[in-house]
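All remarks here apply to the structure that follows.
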Amino acid sequence: MLDATTRSGGTATASPRATAAELAVAVPPATTVSPAVPTHFAARCTRVLLSPWSRLSLLVVLLAAGACGVLLFEPQRLLTEGWPPQLGGAAAAAVFTVAYGVCTVAFVPRPLLNLAAGALFGSQLGLGVALTGTVLGAGIAFCLGRALGQDALRPLLRGRWLEAADGQLSRHGFRSMLMVRLFPGVPFWAANYCASVSRMGLLPFLLATGLGSIPNTAAYAVAGARASTPTSPVFLIAMACIALPALGGVVVAWRKRHQLRRL
């Protein structure tokens, strides 16, 4: 066995073991790239994309796209041109129901769609199709507003009007929404998104929408079905059922004007 050093002519030589140890210490270990940087970047992007204001921006883009689509396709032509001849029976009713719901989300006025439902499918089937489309469209708008807009908009509810509406919908959701549907005045889409921002539950919202929309929807469906005979008693009664709730809403708003000014 060799010693650590040997002395020969006053010169010290290192043994092979010592040389190997020194080399092992001198050579630094290979550096590895930490995956923390891309992980942190992906997490940051995810937080930005899922932030309340990013989701609200997505909602605005979706609604703007829907409104542009309505302007391009012009669903009001159903009243003059009728339904495409390729569709008929149950398929036509199902397609119209889905189209009805999507159009209400995209700000198409419900009276126009109700008239079209009555003109295309008659009074009874038209009423069923219109009511189903009403509940479907309200549910879609409510879920979109709740998922994409509630977190960003709730901190902005600071005005007296906004706080009063939010408190009424949150505490008495079913009753408040039922009254909104029964007495016209609040646009359908506005009521949907206001309810979605509040703490109102989805089930009471849908039930109140379905029940409260029956009288007005039935009147428009009958009027659309009898539009070819505008002097018939049924058409005149339907028009009266449309006008009377609107007049009642105006009277109630006039009597409550002092309370509204104090809000």
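The values are calculated or read from the model by the stated rules, or taken from the named source; none is laboratory data. No experiment lies behind these values; they were computed from the predicted model shown. Positions of Cβ are generated from backbone atoms using ideal geometry, with glycine treated the same way; all protein chains shown enter the neighbour counts. With ligands, DNA and RNA removed, areas are computed over all heavy atoms of the protein, side chains included. Shrake-Rupley method; radii C 1.70, N 1.55, O 1.52, S 1.80 Å.
Given their separation in residues at 0.36 nm each and the Cα-Cα distance between them, A147 and R199 gain 17.5 nm when the chain is fully extended.
On a per residue basis, segment 87-206 carries 46 Å² of accessible surface, using protein heavy atoms and a 1.4 Å probe. The label point for V251 and the one for H40, both projected 7 Å from the Cα toward the Cβ, are 6.9 nm apart. Full extension of the segment from A94 to A227, taken as 0.36 nm per residue of separation minus the current Cα-Cα distance, would add 45.6 nm. Net length available on complete extension from V60 to R171 is 37.2 nm, with 0.36 nm assigned per residue and the Cα-Cα distance removed.
Label point 7 Å out from F73 along Cα-to-Cβ: which residues of segment 87-103 have amide N under 12 Å? What the label zone holds, given the 12 Å backbone N cut-off, is 95-103.
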